[in-house]
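Have a look at the structure below before the remarks.
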């Protein structure tokens with residue numbers, strides 16, 4: 001553990017510029033010196049211990065497969081198109097680049113250029129033409145190549161854990177669908193993650209037309225329900241903000257890590273950084289947050305603040321900006337000088353400022369941020385609004401609750417789950433796994449043998465995005481055709497191919513489904529040329545969402561709230577494994593988390609003052625208790641954490657390749 005008092009004393013005595021990477025390095029304790037001395041030789045003990053050696057070899061197996069398994073593979077049978085110019089022939093040692101997109105959490109696409117050697121994708125980079133990438137990628141995109149070659153992926157269709165064939169599954173599925181056809185689909189339910197794919201959306205609508213009493217539900221644990229509700233409260237319209245950081249002189253982030261995460265964070269980083277280059281008019285960033293984030297680390301003025309108190313801060317700023325109906329909270333609840341300074345800066349930069357609410361903040365904070373921007377004249381200048389890019393925007397928590405109620409009441413006879421892991425990541429007060437057990441026929445399409453797959457009858461291996469055809473929208477609505485670079489390594493199927501079966505049609509390849517849908521929409525003589533140009537560029541022109549005019553309402557009425565005593569626990573998706581969907585990727589597990597440098601685990605992040613008051617230190621194991629439920633986790637004393645606030649990253653604890661290793 002690190003002695004923070006010794007760190008403060010050492011820094012106070014320092015003279016001149018000094019550079020260090022960690023608090024442990026500043027403390028320069030004997031324990032830290034011993035750790036550095038044995039850092040490299042420590043691998044010897046790992047290798048000599050037979051049990052740990054076995055674990056080490058299993059972790060490295062996927063990396064070895066990257067060069068080994070790929071050598072025995074073949075390319076997709078359909079024609080794919082390399083970026084810009086197709087090669088005359090394949091030259092060993094010379095890479096070929098293909099444009100595609102990776103579906104990210106929330107169903108949104110990140111445009112990529114994938115480097116391929118001899119038909120094997122080995123590296124991804126950003127597509128400069130794609131609005132969400134602008135030439136950059138994130139850690140999850142880089143690590144997605146490892147997932148492609150992961151030998152722990154599902155490799156066969158199974159029924160009750162026994163290997164079956166795709167033909168066996170088709171026969172069973174069509175027999176069950178025949179029963180549902182006679183009942184107009186009354187017992188059929190489809191559960192997906194957030195869908196932005198125009199083709200998948202069209203397929204889902206076709207299935208619902210064929211089975212009028214069936215229902216389609218969406219669920220992701222990091223859904224934007226609060227963002228949707230906030231827009232409805234502020235404007236009475238379901239819209240999403242599109243930010244223009246290049247035009248903002250002053251930015252206020254209310255618990256919003258817009259530089260570290262989110263569907264548009266790479267574009268935001270590019271625009272924000274452009275205003276901080278020498279010779280540019282520098283912007284100013286204010287951040288109020290409960291835990292230190294990459295955005296907070298870049299702030300000119302940062303306020304550590306409990307997540308529950310951000311609503312009061314937003315209301316104070318709204319009152320200062322002149323939002324109708326907004327009243328400031330009591331003066332002793334928040335730091336007045338900080339609020340007054342921010343309010344003055346915003347007032348001086350009307351039309352050139354931007355207020356952002358984090359997606360994890362409740363709907364009233366979302367609405368207040370919208371209304372502040374409208375009152376400051378920022379709409380149309382530093383931000384615009386557009387319709388949601390999802391195929392169907394809905395309250396996902398309410399949708400999942402309706403599904404659980406139907407399953408518990410035994411009104412569901414056939415459940416088709418396309419991706420995700422709801423048995424693991426559904427809210428704990430919604431007994432999804434127990435209700436799912438009451439469904440007579442459960443089908444799950446999945447990359448891995450997760451908690452949901454363990455409870456399904458039929459499990460179909462899913463194709464990786466580098467193995468399958470699809471389409472996906474970016475945060476601004478721009479469509480990219482997802483083209484594969486390699487044939488499915490484990491005979492995986494895409495959601496398109498599975499829904500083609502549900503539509504009671506013939507089995508069709510993903511290429512035919514996606515291309516056919518776009519050919520039907522774009523009835524032009526030169527469609528073949530257009531299709532080729534879309535694949536080359538990685539974007540479909542003219543598909544971005546059009547901006548929409550919004551009319552602000554009064555501030556939502558919120559009763560005065562007094563600060564709750566005790567500690568607050570703030571749950572956030574893990575910066576690397578997110579909600580657990582990337583937990584099987586060893587590269588992401590090994591990559592240190594921003595600022596905390598944690599790997600392979602999560603922890604309870606505690607402010608130094610709170611830790612001193614509670615008498616806990618880093619690596620102590622504590623028990624968190626709430627509403628009759630408890631969980632144990634190690635402590636990480638984190639400078640920058642708001643006092644009285646605990647941050648816990650979720651995404652760990654599910655069934656997966658590393659579960660038996662303790663991860």
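Tabulated data for the structure shown
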{"quantity": "Scope segment 299-337; condition in contact with a strand residue (DSSP E or B) (Cβ under 6 Å, 6 or more places away or on another chain), part of a loop (DSSP other than H, G, I, E, B) and more than 25 Å from residue 566 (Cβ to Cβ); matching residues", "calculated": "299, 300"}
{"quantity": "Hey, residue 276 modelled with pLDDT of 90 or more, out of contact with any helix residue (DSSP H, G or I) (no Cβ under 7 Å at 6 or more places or on another chain) and surrounded by fewer than 18 Cβ atoms within 10 Å (Cβ to Cβ) or not", "calculated": "no"}
{"quantity": "Output for segment 579-624, where each listed residue is without any contact (Cβ under 8 Å) to a residue 40 or more places away in the chain, over 30 Å from residue 142 (Cβ atoms) and not in a helix (DSSP H, G or I)", "calculated": "615, 616, 620, 621, 622, 623"}
{"quantity": "Per-region count, segment 571-592, residues under 15 Å from the mean Cα position of the chain (by Cα) and closer than 24 Å to residue 295 by Cβ", "calculated": "13"}
{"quantity": "Selection count where residues are surrounded by fewer than 24 Cβ atoms within 10 Å (Cβ to Cβ) and in a helix (DSSP H, G or I), scope segment 431-450", "calculated": "3"}
{"quantity": "Enumeration of residues in segment 423-438 that are in contact with a helix residue (DSSP H, G or I) (Cβ under 6 Å, 6 or more places away or on another chain) and in contact (Cβ under 8 Å) with a residue 60 or more places away in the chain", "calculated": "424, 426"}
{"quantity": "Any chance residue 342 is assigned by TED's automatic domain parsing to the domain that holds residue 456, in contact with a helix residue (DSSP H, G or I) (Cβ under 8 Å, 6 or more places away or on another chain), in contact (Cβ under 8 Å) with a residue 12 or more places away in the chain and surrounded by 21 or more Cβ atoms within 10 Å (Cβ to Cβ)", "calculated": "no"}
{"quantity": "Meets criteria (closer than 17 Å to residue 496 by Cα and touching a residue at least 40 places away in the same chain (Cβ under 8 Å)) for residue 210", "calculated": "yes"}
{"quantity": "Set 477, 510: member being in contact (Cβ under 8 Å) with a residue 12 or more places away in the chain, out of contact with any strand residue (DSSP E or B) (no Cβ under 6 Å at 6 or more places or on another chain) and under 30 Å from residue 268 (Cβ atoms)", "calculated": "477"}
{"quantity": "Some residue of segment 629-642 being over 30 Å from residue 142 (Cβ atoms), surrounded by fewer than 15 Cβ atoms within 10 Å (Cβ to Cβ) and out of contact with any strand residue (DSSP E or B) (no Cβ under 8 Å at 6 or more places or on another chain)", "calculated": "yes"}
{"quantity": "Residue 222, sole failed condition from (1) in contact with a helix residue (DSSP H, G or I) (Cβ under 8 Å, 6 or more places away or on another chain); (2) at pLDDT below 90; (3) in a loop (DSSP other than H, G, I, E, B)", "calculated": "(1)"}
{"quantity": "Of all residues in segment 506-532 being more than 25 Å from residue 174 (Cβ to Cβ) and not in a helix (DSSP H, G or I), the one that is farthest from the chain's Cα centre (by Cα)", "calculated": "525"}
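Quick grid of which residues meet (1) modelled with pLDDT under 90; (2) surrounded by fewer than 20 Cβ atoms within 10 Å (Cβ to Cβ):
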site	(1), (2)
132	no, no
135	no, yes
139	no, yes
144	no, no
147	no, no
161	yes, yes
166	no, yes
170	no, yes
174	no, yes
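The values are calculated or read from the model by the stated rules, or taken from the named source; none is laboratory data. All of these numbers come straight from a predicted model, not from anything done at the bench. With ideal geometry, Cβ positions are generated from the backbone for all residues, glycine too; neighbour counts draw on all protein chains shown.
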